Structures are given as C-alpha cells and as structure tokens.
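The values are calculated or read from the model by the stated rules, or taken from the named source; none is laboratory data. Because the structure is predicted, anything quoted here is derived from the model rather than measured. Using ideal geometry, Cβ is built from the backbone for each residue, glycine included, and neighbour counts are taken over all protein chains shown.
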Amino acid sequence: MAPPHAAAIEIANGAIVTDEFGNAKGGVRSPYVDVPTARYVAARYVRNLIGVEMPFAPEPLQQLYETRADYLARFNQSIDEAINGGWILSMDGDRLKKEESELALLE
C-alpha cells in the first residue's frame, strides 16, 4: 500500500505562507494546526530547524470555540480524518484524543 501524499508547504517570495492563525498552509495536516490553540513557528537555532509554540490568549480561544466540548469535538473529528487518511494509526489517534481531553485548557 502506498503511503498518503500531501501537498508541499506553501512558499511565496521565499517565505512560508500562513493561514489566519499564523500556521503554515499545506503540508501534512494535524489537529494541532487545523483546530489550533496556538501558532507554530519554524525557527533556525544554530544549524537546526526547530518549532516554537505560541499559545493563543484566552479571548481568541473563546471566540474560536464556544465551549471546551466544542473544541474537543472538532479536535476529535480532525484526528478521525487523519486516521482515515492514513496519516496516523487508530491506536495513536485514541491516545491523542485521550491526552487532549485531559490537557485541553479551554473552559
């Protein structure tokens, strides 16, 4: 079976194209990007490329997600889409859903 394929991360004028939340467009999608609670920024540190997570303030989160349950429903749907697309295994998706239900800071 062939692995899934994703579009490349979008680049324009030598820079990563971002969505309205500041996260990269294209590439392999994850619930952390598609149902965001933070902005993820690629940064160079010496010779390594690292990612920096910049959590959203409480007010924008409340505007994005009516309730914690709303957020978790969207997160879980995104996990299911990743499983169905062949990006993650079902058992890993179940683990991620459990972790997010325990850690999500939305009220």
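Data overview
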read-out: Of all residues in segment 1-50 being of a type in the set (Ser, Thr, Tyr) and more than 12 Å from the chain's Cα centre (by Cα), the one that is modelled with the highest pLDDT; value: Thr18
read-out: Among (1) at negative phi; (2) free of Cβ contacts under 8 Å to residues at least 24 places away in the same chain - the single one Gly14 does not satisfy; value: (1)
read-out: Criterion: more than 18 Å from the chain's Cα centre (by Cα), of a type outside the set (Phe, Trp, Tyr) and within 26 Å of Gly93 (Cα to Cα) - qualifying residue of Glu66, Glu59, Glu53; value: Glu66
read-out: Leading residue by the ranking (nearest to Asn84 (Cα to Cα)) among those in segment 14-47 that are in a helix (DSSP H, G or I) and touching a Ser or Thr at 6+ places or on another chain (Cβ under 6 Å); value: Pro31
